[in-house]
Every structure is written in structure tokens, then in C-alpha cells.
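Enquirer: Here it is, the structure in full.
The values are calculated or read from the model by the stated rules, or taken from the named source; none is laboratory data. None of the values given here were measured: they were computed from a predicted structure. As a convention, Cβ positions derive from the backbone with ideal geometry for all residues, glycine included, and neighbour counts pool all protein chains shown. Please note that ligands, DNA and RNA were not included when accessible areas were found on the heavy atoms of the full protein model with its side chains. Shrake-Rupley method; radii C 1.70, N 1.55, O 1.52, S 1.80 Å.
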Amino acid sequence: MTLQLSSDELTITVWDSSTENPAAKKADPRRIGGHGLHLVHTVSDRVVVALRETGKRITAHLPLTPNQGTTSPGRMALSG
């Protein structure tokens, strides 16, 4: 995991070895697990997924100032 801080956003990047494209699931209080990406989208302005041969890199951009981000859950972009 890497963290980058600028004057207007915090960028968090994580890697994993799964080549499966991540998908945010709707909140379900009866489900155990599977809530992480939904939470990331809730607090992020933008989420970028870069698929690689050996896995993927996911970067979340979290705004530091009120009303800077979108009012809906964060957008997800795929990158090659």
C-alpha cells in the first residue's frame, strides 16, 4: 500500500495478485464480508483499477475538502 498526500486529496494505492476485475456490491447487512470496495467508493472521488498480468493495482482518490468530490459514490475507471 502507498499513500500520497497533496493539498487537496489523499491517494491510496493497493495491489493484489488476483486478475479478477473488482466490483462494488450493494450494502447488505446480512452478508459477511464483501463491503470494502463499496466503502471505498463511498468516501472516494474516483477509483482507478489498473489490470496487470500478475494482478491489479487499485487507486482511490479521497478529497480533503468538503464538496470537492461527487455526491454519488465514487466513479471507477479501468486502466491498462
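Enquirer: Apply the Karplus curve 6.51 cos²θ - 1.76 cosθ + 1.60, θ = phi - 60°, to the phi angles in region 41-47 and return the couplings in whole Hz, x for Gly and Pro.
Expert: 5, 5, 9, 9, 7, 7, 10
Enquirer: Shifting gears a bit: Let me know the volume per residue of the alpha-carbon convex hull for region 4-66, in Å³.
Expert: Once divided by residue count, the hull of region 4-66 is 90 Å³.
Enquirer: Just the accessible area for Asp16, please: 1.4 Å probe, Å², rounded to the nearest 10?
Expert: Surface accessible to solvent at Asp16 totals approximately 70 Å².
Enquirer: Quote the relative contact order of region 12-63 in percent (integer), defining contacts as alpha-carbon pairs under 8 Å separated by 6+ residues.
Expert: Over region 12-63, the number comes to 46 percent.
Enquirer: Same structure, new question: Between Leu64 and residues 5 or more places away or on another chain, which pairs have amide H atoms under 5 Å apart, with H built 1.01 Å from N, and which residues are they?
Expert: Glu9, Leu10
Enquirer: As I understand it, the dipole of region 1-50 uses +1 on the Cβ of Lys and Arg and -1 on the Cβ of Asp and Glu, about the Cα centre. Which of Ser7, Ala23, Val47 lies farthest toward its positive end?
Expert: Ala23
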